[in-house]
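To keep things clear, I will list the structure first and then write my remarks on it.
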Amino acid sequence: MIVLALVLWILGILLTAAALAAVLVAVRRDRPLLALPALVLVLLGLVLVAGGVAVPAPTRVLPLIEALLLSGIGIVGGGPLTVAVLARVTRDDEPQGEHGGILVHAEGITGDAAREVLRGGGVIGYLERIAVVGAVAVGRPEALAIVVAIKGLGRFSELETSAARERFIIGTLVSLIWACACGGLVWAQLR
């Protein structure tokens, strides 16, 4: 029985490492769909946890390794997932700025004068997911309220157009849901 548990844990760690590698390649090559193995792995993990499936760990090290790999997927994998979802919902009339934001026209300004809003979303997303995965992993989900409040206050002045608000809400929700799912799996590994 111990040998079977060890084999299952090693298989799980190898699959999780492969999913993390796929996420890193997706980020590096700017090809969000390459991160799909991570999405499948996280969904499978959630189904197994919800179904009460648990394999006892033969050592304490294996759950820690799995938790670290899942944390990496939670932090880095949210980027490609968010980009893929935003690409599906972004309209053609919302041009993207050179820094990854969207170009909006201020009220009362005519012509080509536009400013870029929601710049730096990738960096903010990483920081957000670090905080969320960490908070959920240690069993403190109430910290999510602080993360959402800081993000909302920091972006408030840029949300003057419906396109900016829509992109902000969708991107934030996708990122938070992903980080919560991965953080929940980390929490399950560590308890």
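The values are calculated or read from the model by the stated rules, or taken from the named source; none is laboratory data. All values derive from a computational prediction rather than experimental measurement. Cβ coordinates were reconstructed from backbone atoms using ideal geometry, including for glycine residues, and neighbour counts include every protein chain displayed.
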Q | Selected residue (criterion: nearest to E66 (Cα to Cα)) from residues of region 173-186 that are touching a Gly at 6+ places or on another chain (Cβ under 6 Å) and of a type outside the set (G, A, S) | A | L185
Q. Does V42 satisfy being surrounded by fewer than 17 Cβ atoms within 10 Å (Cβ to Cβ), among the β-branched types (V, I, T) and farther than 21 Å from I124 by Cβ?
A. no
(Q) Just to check your reading of the model, which residue among V27, V23 is modelled with pLDDT of 95 or more and β-branched (V, I, T)? (A) V23
Q: Look at region 45-56 and say how many of its residues are more than 14 Å from G183 (Cα to Cα) and crowded, with 18+ Cβ neighbours inside 10 Å.
A: 0
Q: Hey, can you tell me all the residues within region 161-183 that are over 24 Å from I75 (Cβ atoms) and loosely packed, with under 13 Cβ neighbours inside 10 Å?
A: S162
